[in-house]
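J.: Before anything else, here's the structure in question.
The values are calculated or read from the model by the stated rules, or taken from the named source; none is laboratory data. The structure presented is a predicted model; accordingly, all values stated were derived computationally and were not measured. In this analysis, Cβ positions are derived from the backbone assuming ideal geometry, glycine residues included, and neighbour counts consider all displayed protein chains.
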Amino acid sequence: MNKFFNFFLLFSLFCFPAYSENVVGLFKTETSDRGGFLIVEMGPCNKNNSLTCGVIKDALWEDNNTKIDDYEHLNKPIVWGMKYTSTGVYKKGKIWRPTDDKTFNSKMELKDDKLEVSGCIFVLCSSQTWVKIK
């Protein structure tokens, strides 16, 4: 019985990601060329909670952290379909760039409180580091 319990415990550690590795919470994007940044709420996708998604929750100006009240993309998805593949690594998702309305194949990696997000179309890739704020 004890061997069975030990096996089950060891098996569960390898099969199920730890909660602390999940990308959940509010993240601040890098500042854009226009001087603003976004706050993105990351968590399980609504339609499939085994995948990770992100929604734009706020837009602010970098110089004084004031809200951009008329920002047209609030509450829109910016990241979706991210599949957990290994410790802190997510792949096979999509990311939307609101500045030019382009969608990219995406992957991301969580290291401490920093989320490395990258997107590619064919061989053209770009990346950002988002910082967890809550």
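J.: Identify, from the list 129, 85, the residue that is in contact with a Lys or Arg (Cβ under 9 Å, 6 or more places away or on another chain), surrounded by fewer than 18 Cβ atoms within 10 Å (Cβ to Cβ), free of Cβ contacts under 8 Å to residues at least 24 places away in the same chain and in a strand (DSSP E or B).
T.: Every option except 85 fails the conditions.
J.: Tell me which residues, restricted to the range 53-70, are more than 26 Å from residue 90 (Cβ to Cβ) and either assigned to a loop (DSSP other than H, G, I, E, B) or in contact (Cβ under 8 Å) with a residue 40 or more places away in the chain (or both).
T.: Those that are more than 26 Å from residue 90 (Cβ to Cβ) and either assigned to a loop (DSSP other than H, G, I, E, B) or in contact (Cβ under 8 Å) with a residue 40 or more places away in the chain (or both): 62, 63, 64, 65, 66, 68, 69, 70.
J.: Condition check: small (Gly, Ala, Ser) and surrounded by 13 or more Cβ atoms within 10 Å (Cβ to Cβ). Does residue 35 satisfy that?
T.: Spelling it out, it is not the case that residue 35 is small (Gly, Ala, Ser) and surrounded by 13 or more Cβ atoms within 10 Å (Cβ to Cβ).
J.: Tell me, yes or no, whether the range 38-52 has at least one residue that is in a strand (DSSP E or B), in contact (Cβ under 8 Å) with a residue 24 or more places away in the chain and in contact with an Asp or Glu (Cβ under 8 Å, 6 or more places away or on another chain).
T.: Yes, the conditions are met somewhere in the range 38-52.
J.: Here's something else I'd like to know. Can residue 86 be described as among the polar types (S, T, N, Q), under 18 Å from residue 22 (Cβ atoms) and either out of contact with any strand residue (DSSP E or B) (no Cβ under 8 Å at 6 or more places or on another chain) or at pLDDT 95 or above (or both)?
T.: Yes; evaluated as a whole, the condition is true for this residue.
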